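The values are calculated or read from the model by the stated rules, or taken from the named source; none is laboratory data. These figures come from a predicted structure and were not determined experimentally. Here the Cβ is made from the backbone with ideal geometry for all residues, glycine too, and neighbour counts use every protein chain on show. Accessible surface areas use protein heavy atoms only, side chains included; no ligands, DNA or RNA. Shrake-Rupley method; radii C 1.70, N 1.55, O 1.52, S 1.80 Å.
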Amino acid sequence: AHIVGANTRREMLTLVSCAILSALPLPAIANEDKDIYKSGVTKYDTRKLAEEWEGFLPERQVLRGGKNIVVTQEFGDKKKNGLAVYEGNLILTSFMEGLGKEYWKDTRVLELGCGTALGSITASVMGAASVTASDREDTVLALAAKNMQSNLPDASKFRTSKISWGTDLCAPNAERYKREIGGCWDASSKAPLVGRGGGVDDKYDVIIGADLTYTSGLIELLAKTLVDFSGAKTEIILCWCEPTLFTFNTDVMSELNEKGIPLFEKDFVVERITSGAAFDAGL
């Protein structure tokens, strides 16, 4: 229902975009530290910022699909992107919830840049037959697996997968190190033959992602990966929502707000959504 217009291309994509630059206050920092903070160098007091941004807390609770999802966060300890729930994750999963359980029933869902796996967990709670939480970072994948194991009762319905955008399917004789560093993606990353797959279709039914990149130079790699894992009936839901903290490269947001992302329109029918009830979830 949220895809509009004639589908004249092979895939369909729904792009949820937003900008909440004033949603969270900037942390109080001394004048001598302001230039360091703005330049993106990691130099900040965790104790001060914990009151400004919930990503520093050891866990986060989010209600989705009638379930209280308890998400472990490791950003406070490891200071690494992807180890916390961001505003975009909240808006994406609220949008997903709003589509209703019938939409998600029996779907195979791929989450790109999974972070804490909140998107994957939400899709499973809403009725997905299988969810695959993917990322290129082993630390992120380990956290995603931990969160899915603690929130989802059926281990046969979720998994993690190492996928680096823009890479190709691994050749049968690909070196082990190439697989381990994400130089290619394994055939096991394709959609499992369950649910709507009917035992024959290895393309995902839905692909999701939140705040995947703020650097426009990576969009081409992302677009290739979207094409690789999608088929004629795949729907893709992406959410960009610039976090107030720790984002210093925002050329994607500028492009998105001004004219969308033309590169996506080469392969997908795009609907850009910039308002609705889901957007309140990130404030």
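Applying the set (1) open to solvent by 10 Å² or more (accessible area, probe 1.4 Å); (2) touching a residue at least 60 places away in the same chain (Cβ under 8 Å); (3) not in a strand (DSSP E or B) to Asp205 leaves exactly one unmet item: (3).
What residue, of Gly166, Gly182, Gly231, is modelled with pLDDT of 90 or more and either over 29 Å from Asp106 (Cα atoms) or assigned to a loop (DSSP other than H, G, I, E, B) (or both)?
Gly166
Taking the criterion of being surrounded by fewer than 24 Cβ atoms within 10 Å (Cβ to Cβ) and over 15 Å from Asn81 (Cβ atoms), the only residue of region 129-140 that qualifies is Ala129. Contact annotation: residue pairs with Cβ atoms under 6 Å, 6 or more positions apart or on different chains, pairing a residue in region 215-243 that is closer than 21 Å to Glu87 by Cα and in contact (Cβ under 8 Å) with a residue 60 or more places away in the chain with a partner that is among the aliphatic types (A, V, I, L, M) and in a strand (DSSP E or B), are Ile236/Leu13; Ile236/Ile207; Ile237/Ile208; Leu238/Leu15; Cys239/Val16; Cys239/Ala210. Among all positions in region 102-115, there is no residue which is at pLDDT below 95 and assigned to a loop (DSSP other than H, G, I, E, B). The condition (being over 30 Å from Asp168 (Cβ atoms), in a loop (DSSP other than H, G, I, E, B) and either of a type in the set (Asp, Glu) or touching a Leu at 6+ places or on another chain (Cβ under 7 Å) (or both)) is satisfied by just one residue among Val71, Val62, Val85: Val85. Residue count for region 49-59 under the criterion of being assigned to a loop (DSSP other than H, G, I, E, B) and open to solvent by 60 Å² or more (accessible area, probe 1.4 Å): the result is 3. Within region 140-163, residues that are over 23 Å from Asp106 (Cβ atoms) and of a type in the set (Ser, Thr, Tyr) reach partners that are open to solvent by 30 Å² or more (accessible area, probe 1.4 Å) and at pLDDT 95 or above with beta carbons closer than 9 Å, at six or more positions or on different chains, in the pairs Ser150/Val70; Ser150/Thr72. In region 185-202, the qualifying residues are those that are open to solvent by 50 Å² or more (accessible area, probe 1.4 Å) and in a helix (DSSP H, G or I), and the one that is nearest to Arg108 (Cα to Cα) is Arg196.
Against the condition farther than 25 Å from Leu83 by Cα and acidic (Asp, Glu), how does Asp211 come out, does it pass? No: the conditions fail for Asp211.
Set side by side, the residues Leu110, Leu143, Leu118, Leu92 differ, and just one is under 23 Å from Cys184 (Cβ atoms) and surrounded by 24 or more Cβ atoms within 10 Å (Cβ to Cβ), which is Leu110.
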